[in-house]
There are 2 protein chains.
Amino acid sequence: MEYPNSIIRLIENFKRLPGVGEKSAERYAFSINELEKEDVIDFSEALVDVKTKIKKCPLCNNITEDEVCSICKDETRDKSTICVVENIKNVFSFENLSVYNGLYFVLDGLISPIDGIGPEDINIEYLIRRIKEENIKEVILAINPSIEGETTLLYIQKLLENIDVTVTRIAHGIPLGADIEYIDPLTLEMALNDRKEVS
Amino acid sequence: MEYPNSIIRLIENFKRLPGVGEKSAERYAFSINELEKEDVIDFSEALVDVKTKIKKCPLCNNITEDEVCSICKDETRDKSTICVVENIKNVFSFENLSVYNGLYFVLDGLISPIDGIGPEDINIEYLIRRIKEENIKEVILAINPSIEGETTLLYIQKLLENIDVTVTRIAHGIPLGADIEYIDPLTLEMALNDRKEVS
């Protein structure tokens, strides 16, 4: 026995969400039927609204509802530093610290030969052009240390070799509160290699 | 720094889904922006469609897009047996077995005094009336053995005491493939109490 058509269609739509399989999609679809009608209409409008209103900032690739994003538009920010991140949510993570005052550049993902994603797919060319043309003094590479992250980082580093700009990467090591006993070997090795003199 | 308004609104909507917290809702909302526009429109329409088209069957409380659900409408089904389940998905679980040919009755949840849900909230009165009026011979209680499930089951059992109908409940015990060593004590106790003579 099959679910009614409208339920099947909604299940298929929920399955487009990241990490949502058949069982969760079913649970979500059935729960919609329990909501108030005005809530469902609001949900439905909110979906289309995001797709219609949210644009990519032409300067940094961050999301915005305006022409240029609020960070690129902000005259008080340090326009000589650019922090390269792999996705939009990372911008918000750094912004919530309220300690960084430079610009950002959001890559369209990471280089991943296995998935057929090369440097030309993630906007690196445009990043390099901006660095060259806009008198950037420091490029902070804030990219997760995965295999794809390291590949992307090395690639960008290579392209910037002959350009007069300081290239840094954020520190990797033992997070606060973690125990050396339980940390993975790769992180421990990075923590050891990046040790700092303290006295 | 806050997310754009349209993203915030969509996150709030995703948080209405069962088991979806802030982090998952953010992930879902950002993923919508990555979908094709026609897919988002389809998703949006599917939501409203479910809410508009899906009705509860007036006889058994199952979901349907028609006046009466396909099971209640089916003339070949055994109208003297009624299987009481706690939610709509349980109907589909039994139907997919293709071994049960009677009717169903879907409760609107379970009795839960802690949550202020009493017998009058879950449609039990109507169930009893149907059993009395429609010459039902067997009532199968297929309710999960939780505290609320047991309460509901005992309550229904009590109401049916003086009515000429066979009341059964589905068997609980060790599931196939499970190991006695790892089974919870309550299930093991039920399996022991419900033991059957084999020779």
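The values are calculated or read from the model by the stated rules, or taken from the named source; none is laboratory data. Since the model is a prediction, treat every value here as computed from it, not as a measurement. Counting neighbours? That spans all protein chains shown, and the Cβs are built from the backbone with ideal geometry, glycine included. Just so you know, the surface numbers come from the protein's heavy atoms only, side chains and all, with ligands and any DNA or RNA stripped out. Shrake-Rupley method; radii C 1.70, N 1.55, O 1.52, S 1.80 Å.
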**Request:** Under 4.7 Å Cβ to Cβ, no partner at all: give me those cysteines from the protein assembly as shown, in residue order.
**Result:** A:60, A:72, A:83, B:60, B:72, B:83
**Asked** What FRET efficiency would be calculated for the residue pair residue A:174, residue A:70, taking the C-beta separation as r and a Förster radius of 22 Å, to the nearest 0.05?
**Response** 0.05
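Need one value for A:58-68: mean number of C-beta atoms belonging to other chains within 10 Å of its residues' C-beta atoms. Don't jump to the answer; show the numbers that get you there.
Numbers: counts 0, 0, 0, 0, 1, 6, 1, 4, 1, 0, 0.
If you average over the peptide's residues, the count of other-chain Cβ atoms is 1.
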**Prompt:** Quick one: how many Å² of residue B:140 are accessible to a 1.4 Å probe, rounded to 10?
**Reply:** 30 Å²
**Message:** Taking R0 as 35 Å, what FRET efficiency do you get between residue A:101 and residue A:182 from their Cβ-Cβ distance, rounded to the nearest 0.05?
**Reply:** 0.50
**Fill in**
Once both label points are put 7 Å beyond Cα along the C-beta direction, the residue B:89-residue B:22 separation in nm becomes 2.7 nm
**Fill in**
Taking the protein assembly as shown and counting helices only, DSSP H stretches of n ≥ 4 at -39,500 (n - 2.57) each over all residues, the nearest-500 ellipticity at 222 nm comes to -13000 deg cm²/dmol
**Item:** Cut-off under 5 Å, modelled amide H: who pairs with residue B:117 long-range
**Value:** B:112
**Fill in**
Residue by residue through segment B:32-47, the couplings from Karplus 6.51 cos²θ - 1.76 cosθ + 1.60 with θ = phi - 60°, in Hz, x for Gly and Pro, are 4, 5, 8, 6, 5, 4, 5, 5, 5, 5, 4, 4, 4, 5, 4, 4
**Prompt:** What ³J(HN,Hα) values, in whole Hz, does the Karplus curve 6.51 cos²θ - 1.76 cosθ + 1.60 give for segment B:165-179 when θ = phi - 60°, with x put for Gly and Pro?
**Reply:** 8, 7, 10, 10, 10, 5, 6, 10, x, 6, x, 4, x, 8, 10
**Prompt:** For residue B:192 and residue B:163, FRET efficiency with R0 = 45 Å and r from the beta-carbon atoms, rounded to 0.05?
**Reply:** 0.90
**Prompt:** Between residue A:140 and residues 5 or more places away or on another chain, which pairs have amide H atoms under 5 Å apart, with H built 1.01 Å from N, and which residues are they?
**Reply:** A:82, A:83, A:84, A:168
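If you count, for every residue in B:15-21, the Cβ atoms of partner chains within 10 Å of its Cβ, what is the mean? The partial results should precede the final answer.
Details: counts 0, 10, 11, 6, 4, 6, 0.
For peptide B:15-21, the averaged partner shielding equals 5.
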**Prompt:** For the residue pair residue B:78 and residue B:126, what label-to-label distance in nm results when each label sits 7 Å from Cα along the Cα-to-beta-carbon direction?
**Reply:** 2.5 nm
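Count the DSSP beta bridges whose two residues both fall in chain B, then state the antiparallel fraction as a percent rounded to the nearest 5. Each step should come with its number before you reach the end.
Values: 3 of 15 bridges.
About 20 percent, rounded to the nearest 5.
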**Request:** For the protein assembly as shown, with all protein chains present and a 1.4 Å probe, just round the carbon and sulfur fraction of the accessible area to a whole percent.
**Result:** 51 percent
**Asked** Of A:45, A:36, A:150, which has the largest mean-square fluctuation in a 10 Å C-alpha GNM of chain A?
**Response** A:36
**Asked** Rounded to the nearest 10 Å², what accessible area does residue A:38 show when all protein chains are kept and the probe is 1.4 Å?
**Response** 120 Å²
**Exposure ranking of A:151, A:187, A:166 by accessible area [1.4 Å probe, largest first]** = A:166, A:151, A:187
**Complete:** For segment B:56-197, whose charge dipole is built from +1 on Lys and Arg Cβ atoms and -1 on Asp and Glu Cβ atoms, the candidate among B:116, B:147, B:83 with its Cα farthest towards the positive end is B:83
**Request:** Identify which of B:175, B:113, B:18 has the largest mean-square fluctuation in a Gaussian network model of chain B, with springs joining Cα atoms closer than 10 Å.
**Result:** B:18
